[in-house]
Amino acid sequence: MEPQEKAQDKETSRLTWKYILGGEVLVHIMRQQANMVILIMLFVILYIDNRYSSQQEMIEIDRLKKELVDIKYDALTISSELTERSRQSRIEEYISAEGTPLETAATPPFLINDTDK
């Protein structure tokens, strides 16, 4: 018998219930496929890390969206306050409350033409 045939006979003769249930089959397969198992574990770790990173980014996006909405409402409030304060009637009330002699003009402004040019 050749050495290769002896090894095959030895492997087939070792295939017993004790060999299978004892876990030696798994050890044998793991030894043959160690590189594949390491690669699969690496992919699993990368997958978990990628999912965690994307969840963190989604949380940050939601936080920034809420902050943007708050800032928009603040800007709208400030804009409406400015519009209210800059109305002519409000300015007239403020000037009269200060006691200054300024009044609203009764006649419209007119254009003076310069004839020297």
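The values are calculated or read from the model by the stated rules, or taken from the named source; none is laboratory data. In this text, all values refer to a predicted model and were calculated from it rather than measured experimentally. Glycine gets a Cβ as well: all are built from the backbone with ideal geometry, and neighbour counts include every protein chain shown. Note: accessible area is taken over every heavy atom of the protein model, side chains too, but ligands, DNA and RNA are not part of it. Shrake-Rupley method; radii C 1.70, N 1.55, O 1.52, S 1.80 Å.
Within the shell of other residues whose beta carbon sits under 14 angstrom from the beta carbon of Arg90, the net charge comes to -3, with Lys and Arg scored +1 and Asp and Glu -1.
Leaving out ligands, DNA and RNA, and with a 1.4 Å probe, what % of the accessible surface on the chain is carbon or sulfur? Please list the in-between numbers first.
Details: 7160 of 11740 Å².
Its accessible area is 61 percent carbon and sulfur atoms.
How large is log10 I(q)/I(0) at q = 0.13, 0.21, 0.23 Å⁻¹ when the Debye formula is applied to the Cα atoms of region 57-114, each weighted equally and without solvent? Cα-only, vacuum Debye calculation for region 57-114: -0.62, -0.89, -0.93.
Averaged over its residues, the chain has an accessible area of 100 Å² per residue, based on protein heavy atoms and a 1.4 Å probe.
The modelled label-to-label distance for the pair Glu24/Ile59, using points 7 Å beyond Cα in the direction of Cβ, is 5.0 nm.
Heavy-atom accessible area for Tyr73, with the other protein chains in place and a 1.4 Å probe, reaches approximately 140 Å². With a simple spin-label model that places each label point 7 Å from the Cα along the Cα-to-Cβ direction, the separation between Glu67 and Thr100 comes to 4.1 nm.
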